[in-house]
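**Q** Here you go, one structure.
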Amino acid sequence: MPLEQEVIGMLIAGYSIVMGGALLITLFLWVKKKDNFLAYGSTLLHMVFFSLAFYFVIKAMAFDYHHPMASEEISLQLGIAGVIWAVSMHFLVFAIYHFSKTRK
């Protein structure tokens, strides 16, 4: 996919900063609360799978579009990213469900 030369590097840097901050905050809150393992664990799994999906999107964006099978390869990478993103969203919904449960 034709992009300016610096775009992919800026996307990776920006994503890493935001996801790293979110990951650190989640870990800090988990250590501070020391409970709700399923909710915090699911949130971390969401972040891991979302990062994996981001990897496949970047891989698709950086693919050599002059390659004879470029369209098929890019479509495959985006399809894989979509499936992994869907899995990450299921972990997020699972985490929200467990965070919202009331304790008796």
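**Q** Looking at this structure, is Leu38 part of a helix (DSSP H, G or I), in contact (Cβ under 8 Å) with a residue 24 or more places away in the chain and more than 27 Å from Leu76 (Cα to Cα)?
**A** Details: part of a helix (DSSP H, G or I): yes; in contact (Cβ under 8 Å) with a residue 24 or more places away in the chain: yes; more than 27 Å from Leu76 (Cα to Cα): yes.
Taking the combined requirement at face value, the residue satisfies it.
One line per residue, one yes/no per condition, for (1) open to solvent by less than 70 Å² (accessible area, probe 1.4 Å); (2) at pLDDT 90 or above; (3) of a type in the set (A, V, I, L, M):
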site	(1), (2), (3)
Gly20	yes, yes, no
Thr26	yes, yes, no
Leu29	yes, yes, yes
Val57	yes, yes, yes
Ala86	yes, yes, yes
His90	no, yes, no
Phe94	no, yes, no
Tyr97	no, yes, no
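**Q** Can you give me the number of residues within region 59-73 that are assigned to a helix (DSSP H, G or I), open to solvent by 30 Å² or more (accessible area, probe 1.4 Å) and either touching a residue at least 24 places away in the same chain (Cβ under 8 Å) or of a type in the set (A, V, I, L, M) (or both)? Spell out how you get there, then give the answer.
**A** From region 59-73, those assigned to a helix (DSSP H, G or I) are 59-61, 70-73; that's our starting set.
Next, from what is left, pick out any that are open to solvent by 30 Å² or more (accessible area, probe 1.4 Å): 59, 61, 71-73.
In the following step, the residues that additionally are either touching a residue at least 24 places away in the same chain (Cβ under 8 Å) or of a type in the set (A, V, I, L, M) (or both) were identified as 61.
Residues meeting the conditions: 1.
**Q** Using beta carbons and a limit of 8 Å, which pairs, at least six apart or on different chains, have the first residue in region 74-87 and aromatic (Phe, Trp, Tyr) and the second one part of a helix (DSSP H, G or I) and modelled with pLDDT under 95?
**A** Going by the 8 Å Cβ cut-off, there are no qualifying pairs.
The values are calculated or read from the model by the stated rules, or taken from the named source; none is laboratory data. In this text the structure is predicted, and so the values were computed from the model without any measurement. Here the Cβ is made from the backbone with ideal geometry for all residues, glycine too, and neighbour counts use every protein chain on show. Heads up: the accessible areas ignore ligands, DNA and RNA and are worked out on the full protein's heavy atoms, side chains in. Shrake-Rupley method; radii C 1.70, N 1.55, O 1.52, S 1.80 Å.
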